[in-house]
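The values are calculated or read from the model by the stated rules, or taken from the named source; none is laboratory data. Predicted model only: the values in this text are computed from it and were never measured. Counting neighbours? That spans all protein chains shown, and the Cβs are built from the backbone with ideal geometry, glycine included.
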Amino acid sequence: MSFLDGRRLRRTRQASWSRSMVSETVLTPGDLIWPLFVIEGQNERAPVKTMPGVDRLSIDLAVDAARHAHAEGIPALALFPNTPGELRSSTADEVFNPDNLMCRTMAAIKDAVPEIGLIADTALDEYSEDGQDGIVVDGEILNDETVAIMVKSAIVQARAGADIIAPSDMMDGRVRAIRDALDAEGFEKVMIMSYSAKYASAFYGPFRDAVGSGSRLVGDKKTYQLDPANREEAMREVEQDLVEGADMVMVKPGLPYLDIVRDVRERFSVPVFAYQVSGEFAMIAYAAEAGAIARDPIVMESLMAFKRAGCSGILTYFALEAARKLNA
């Protein structure tokens, strides 16, 4: 005889207080990381046309955004620069310029809001003229040459105030190279959040528009990002990055890959983060604008799904509005 025989499972669902009492998953503002797009200028706000309600912000407005995030209990920001076209090149040298847009933004935020964590995207696509995450020679993405440049980028980002270096490129060996370089430069406390399971996804389109790489992209990224058909390959990537020194790992995109989040959590028992990417955001935002769904409940349900799957934290463009709702 089952222990459930004769039990009415709906009893605990009858009132909001009892549902809260037996809730298995709790979402708080501390689970949210807010990605910000930054641009040059003063008091400049440029809408991302494919992401309703999301703006690129000049450094002064990014500082204001950091203040709002900290006030709502959001622990960290993830920063992504829209590098001016004249500073982009085939060798992406601007990525390790200590006075680049990313470094100046981090320094300004750290000066104004030192309590908030800063996650620096470490990749070349925001600085390359072809939109690729690596150095391209004769159509081939060069792994080791790309890693060498990323190491230089990580160092200037750490000097500018980055708390977490987030290599998002999927080159082999970059976590070990970055960890060794950070330690050698006295940045032993700077963490690495590796994009370990980043898939060659169709969900990234609006993001590429936001950072100015979409129209520049030549070819695709299938030779270095993961095949969406593969699950065990993601586990091998995660294991390799952990062995090389990653403090935490990332799965990207988010909702379509929650099985990967769960696999990583159960297999490795390490902090795992997921990115509710631009395409996921756009689908919710546009559907809400069309009246097909109710925005607030869908946003909160989607974020709860990340937590239920095992995420330690969620990168989401809904972070500020979700935090405000949670704090209300």
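Among the strands (runs of 3 or more DSSP E) confined to the range 130-179, there are none with at least 1 residues that are at positive phi and touching a Lys or Arg at 6+ places or on another chain (Cβ under 7 Å). Would you confirm whether or not the range 102-115 contains a residue that is of a type outside the set (D, E, K, R), in contact with a His (Cβ under 8 Å, 6 or more places away or on another chain) and modelled with pLDDT of 95 or more? Yes, the conditions are met somewhere in the range 102-115. A Cβ distance below 6 Å, combined with a sequence gap of six or more or placement on separate chains, defines the contacts here; from the range 140-164, residues that are of a type in the set (D, E, K, R) reach residues that are part of a helix (DSSP H, G or I) and at pLDDT 95 or above in the pairs Lys152/Phe96.
Any residue in the range 120-132 that is without any contact (Cβ under 8 Å) to a residue 60 or more places away in the chain, among the β-branched types (Val, Ile, Thr) and surrounded by 20 or more Cβ atoms within 10 Å (Cβ to Cβ)?
Yes, the range 120-132 contains a residue that is without any contact (Cβ under 8 Å) to a residue 60 or more places away in the chain, among the β-branched types (Val, Ile, Thr) and surrounded by 20 or more Cβ atoms within 10 Å (Cβ to Cβ).
Residue check: is Arg267 basic (Lys, Arg) and either more than 17 Å from Arg308 (Cα to Cα) or touching a strand residue (DSSP E or B) at 6+ places or on another chain (Cβ under 7 Å) (or both)? When the stated conditions are applied, Arg267 does not pass them.
Would you check if Thr12 is out of contact with any strand residue (DSSP E or B) (no Cβ under 9 Å at 6 or more places or on another chain), buried (at least 17 other Cβ atoms within 10 Å of the Cβ) and farther than 30 Å from Lys189 by Cβ?
Answer is no for this residue.
When Ser196, Ser213 are screened for being modelled with pLDDT under 95, under 22 Å from Gly279 (Cβ atoms) and of a type outside the set (Asp, Glu), only Ser213 passes. Does the range 200-210 contain any residue that is touching a Lys or Arg at 6+ places or on another chain (Cβ under 6 Å) and buried (at least 23 other Cβ atoms within 10 Å of the Cβ)? The answer is no, given that none of the residues of the range 200-210 is touching a Lys or Arg at 6+ places or on another chain (Cβ under 6 Å) and buried (at least 23 other Cβ atoms within 10 Å of the Cβ). Within the range 270-287, the set of residues being surrounded by 18 or more Cβ atoms within 10 Å (Cβ to Cβ) and more than 25 Å from Ser196 (Cα to Cα) comprises Ile284, Ala285.
Yes or no, residue by residue, for (1) hydrophobic (A, V, I, L, M, F, W, C); (2) surrounded by 21 or more Cβ atoms within 10 Å (Cβ to Cβ); (3) over 12 Å from Leu182 (Cβ atoms):
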| position | (1), (2), (3) |
| --- | --- |
| Gly134 | no, yes, yes |
| Gly139 | no, no, yes |
| Asn143 | no, no, yes |
| Val147 | yes, yes, yes |
| Ala160 | yes, yes, yes |
| Pro167 | no, yes, no |
